[in-house]
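Engineer: Pasting a structure here, questions to come.
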Amino acid sequence: MLNSDWRPTASRQAIIARADLQHQIRAFFRERQVLEVETPVLCRAGVTDVHLVNAVTRLQGQGLAKKTNYYFQTSPEYPMKRLLAAGVGDCFQLCKVVRDEELSARHNFEFTMLEWYRLGFDDQQLMTELEELMIELLGTSAANRLSYQQAFLSALNIDPLVATAAEVANAIRAKGIDCEVVADDLDGLLNLAMSLIVEPQLDPNIPTFVYHFPASQAVLARTNEQDDRVAHRFELFYQGLELANGFWELADAFEQRQRFERDNRQRAELGLPQIDIDERLLSALESGFPDCAGVAVGVDRLLMIKLGMKHIDEVLTFPSLRA
Amino acid sequence: MATYSTNEFKGGLKIMLDGEPCSIVENEMVKPGKGQAFNRVKVRKLISGRVIEKTFKSGDTVEAADVNEIEMDYLYNDGEFWHFMNNETFEQIAADKDAVGESIKWLVEQGPSTLVLWNGKPITVTPPNFVELEIIETDPGLRGDTAGTGGKPATLSTGAVVRVPLFVQTGEVIRVDTRSGEYVSRAQK
């Protein structure tokens, strides 16, 4: 039989819908005078984040005599922050990013990310702008906002900011889900509970922001001044999909370095490779970083929702397995 | 010892869980953008038949189960074991009561069954979806009742008891669905 895996998995309708969606996104930001920028997809530094796996390639050329590691970016965050430190101002980017080991009905090795930064915004203001974008692109209703703590209290009746690992594990087991694989790792248990219990209980028909993630999951967000147990990090969920992750950005180079180093210590404990810290990013933060908030949105998932599709392959011309 | 990583998980893959061979039914990766990746895996335990869900960390490995399915013909029962023969190799295998289980009442001599072998030993015996068996005993049925609504019990040559329409009589061969244990029709002559 003739092999048919040369064909795109996206319908013509989906290919057109993607073009339209990207046009709408650009119009949204042009209207608001947010500058479209472009940053490298291949950088000398990767991410230390324990839960992200960079794809790596080795390149050489004039000025670079030996084959050298270049990392496919898992998001354009670091180079965009260098632009912000250099004074570029409000900016957005629509680009491809690459994450190794992520393939599922909702994941593809490479996918399209929309990322933007707003000077002078905090996380709550950026949520409002993302809500406006959702209404514009998908015609959604107004969004709900609830804290990570509220979300856990209503879904599991436990307070994630005070509960012990054993208490979280018991609450997960009470929902009929085994969690031995993360036994006494509090963040692992919270991640598991978030994905399998809390998220599925959110109303799929209302865009829902979950904000004030635990400080241990702050990543690149600043911690809260009033309550240092939480960070100014938020996520957006809609139609059963995680659509966005945003921060009121950490501007402190010293604290950022400590977090990167903590990631690498955790990597060592888990037997994962050490990742060189992005010194250019830290230099940029040290040189003076504007007060800003930023967010990354999965564009392919927006498209899945817009077209009512259940598998990411339906919105990709050539998903990784037939790329 | 062969192992599989979660990346190799797919429907039908045989793995060991809690010391019991299992067949994967469904595998879903759950991965937040910033957070740990897990696999939620639905498996069927091959001995008990129970379906359970299990959480794995993505990338974890599990031991492979040495399980294979084979079609064999039923030969005879020696009082303790049920003996089957592979029609291609003529190799014979004995299955115990636990492996044969409920299938006992559908085993027809010289008839085919599917055996699941774990480390070469039968753990389940599954008869074909439909078998044809002779009725050895049933009430003659009430004269005049032709609606066939209620039916009546009939004992088959294997000892199985199924409900049959009133018009079906002792000595007839009927077709039975082994999954539901229900009468389907009279056998085609």
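Engineer: Could you tell me the largest-minus-smallest coordinate of the C-alpha atoms of segment A:180-323 on each of the three principal axes, in descending order and whole angstroms?
Structural biologist: For segment A:180-323, the Cα spread along each principal axis is 45, 35, 35 Å.
Engineer: In nm, to one decimal, how far is the modelled label at residue A:262 from the one at residue A:35, with both set 7 Å along Cα→Cβ?
Structural biologist: 3.3
Engineer: Fully extended, how many nm does the chain gain between residue B:119 and residue B:102 (0.36 nm per residue separation, minus their Cα-Cα distance)? Mind dumping the intermediate values first?
Structural biologist: Numbers: separation 17, 0.36 × 17 = 6.12 nm, distance 2.22 nm.
Full-extension gain reported as 3.9 nm.
Engineer: Over segment A:157-223, what is the relative contact order in percent, taking alpha-carbon pairs closer than 8 angstrom and at least six residues apart? Don't skip to the end; give the middle numbers.
Structural biologist: Working: 36 pairs, mean separation 17.9, N = 67.
Reported relative contact order: 27 percent.
Engineer: If I take R0 = 60 Å and measure r between the Cβ atoms of residue A:164 and residue A:24 in this structure, what FRET efficiency does the formula 1/(1 + (r/R0)^6) give, to the nearest 0.05? Display every interim value, and only then the final one.
Structural biologist: On the way: r = 46 Å, r/R0 = 0.77.
Result of the calculation: an efficiency of 0.80.
Engineer: Heavy atoms only, 1.4 Å probe, whole protein assembly: order A:209, B:90 by accessible area, highest first. Could the numbers behind the result be given before it?
Structural biologist: Numbers: A:209 0, B:90 130 Å².
Descending order: B:90, A:209.
Engineer: Tell me the label-point distance for the pair residue A:173, residue B:81, using the 7 Å Cα-to-Cβ offset, in nm and rounded to one decimal.
Structural biologist: 4.2
Engineer: Need one value for A:190-196: mean number of C-beta atoms belonging to other chains within 10 Å of its residues' C-beta atoms. Write out the running numbers ahead of the final one.
Structural biologist: Numbers: counts 2, 8, 7, 0, 4, 8, 5.
Counting Cβ atoms of other protein chains within 10 Å of each residue's Cβ and averaging gives 5.
Engineer: Averaged across A:197-208, how many Cβ atoms of other chains sit within 10 Å of each residue's Cβ atom? Mind dumping the intermediate values first?
Structural biologist: Details: counts 0, 0, 2, 0, 0, 0, 0, 0, 0, 0, 0, 0.
That works out to 0 on average.
Engineer: Distance cut-off 20 Å, Cα to Cα: go down the list A:175/B:34; A:306/B:10; B:10/B:42; A:81/B:34; B:34/B:57 and report the pairs above it.
Structural biologist: Details: A:175/B:34 24 Å; A:306/B:10 29 Å; B:10/B:42 10 Å; A:81/B:34 18 Å; B:34/B:57 15 Å.
With Cα atoms farther than 20 Å apart: A:175/B:34; A:306/B:10.
Engineer: Less than 9 Å Cβ to Cβ from residue B:23, Lys/Arg counted +1 and Asp/Glu -1: what total charge do the surrounding residues give?
Structural biologist: Numbers: positive: B:14, B:44, B:45; negative: none.
In short, +3.
Engineer: Turning to a different aspect of this structure: For the protein assembly as shown, with the dipole built from +1 on Lys and Arg beta-carbon atoms and -1 on Asp and Glu ones, taken about the Cα centre, which of A:60, A:162, B:103 lies farthest toward the positive end?
Structural biologist: Going by the Cα projections, it comes out as A:60.
Engineer: Over all residues in A:173-181, what is the mean tally of Cβ atoms on other chains that come within 10 Å of each residue's Cβ?
Structural biologist: 3
Engineer: Efficiency by 1/(1 + (r/R0)^6): what FRET value for residue B:90 and residue B:60, r their Cβ-Cβ distance, R0 = 45 Å, to the nearest 0.05?
Structural biologist: Numbers: r = 42 Å, r/R0 = 0.94.
After rounding, the FRET efficiency stands at 0.60.
Engineer: Ignoring ligands, DNA and RNA, how much accessible area is buried between chains B and A, both sides summed, with a 1.4 Å probe, to the nearest 100 Å²? If you can, show how the numbers build up before the last one.
Structural biologist: Numbers: alone 11310 and 15960 Å², together 25380 Å².
Interface between B and A: roughly 1900 Å².
Engineer: Mind checking which aspartates and glutamates have their Cα closer than 12 Å to the Cα of residue B:54? Skip sequence neighbours fewer than 8 apart in that chain.
Structural biologist: Once the sequence-local aspartates and glutamates are set aside, what remains near residue B:54 is A:178, A:180, B:18, B:26, B:28.
Engineer: Sequence neighbours fewer than 8 away in the same chain don't count; with that in mind, list the lysines whose C-alpha is under 18 Å from residue B:121.
Structural biologist: B:14, B:45, B:97
Engineer: Using the beta-carbon distance between residue A:68 and residue B:167 and R0 = 60 Å, what value does 1/(1 + (r/R0)^6) give for FRET efficiency, to the nearest 0.05? Don't jump to the answer; show the numbers that get you there.
Structural biologist: Details: r = 85 Å, r/R0 = 1.42.
For R0 = 60 Å, the calculated efficiency reads 0.10.
Engineer: Between residue B:110 and residue A:322, how many nm apart are label points set 7 Å from Cα along the C-beta direction?
Structural biologist: 4.9
The values are calculated or read from the model by the stated rules, or taken from the named source; none is laboratory data. These numbers were taken from a predicted model, which means no experiment stands behind them. Positions of Cβ are generated from backbone atoms using ideal geometry, with glycine treated the same way; all protein chains shown enter the neighbour counts. Ligands, DNA and RNA are stripped out before the accessible areas are found, and what is left, the full protein with its side chains, is counted by its heavy atoms. Shrake-Rupley method; radii C 1.70, N 1.55, O 1.52, S 1.80 Å.
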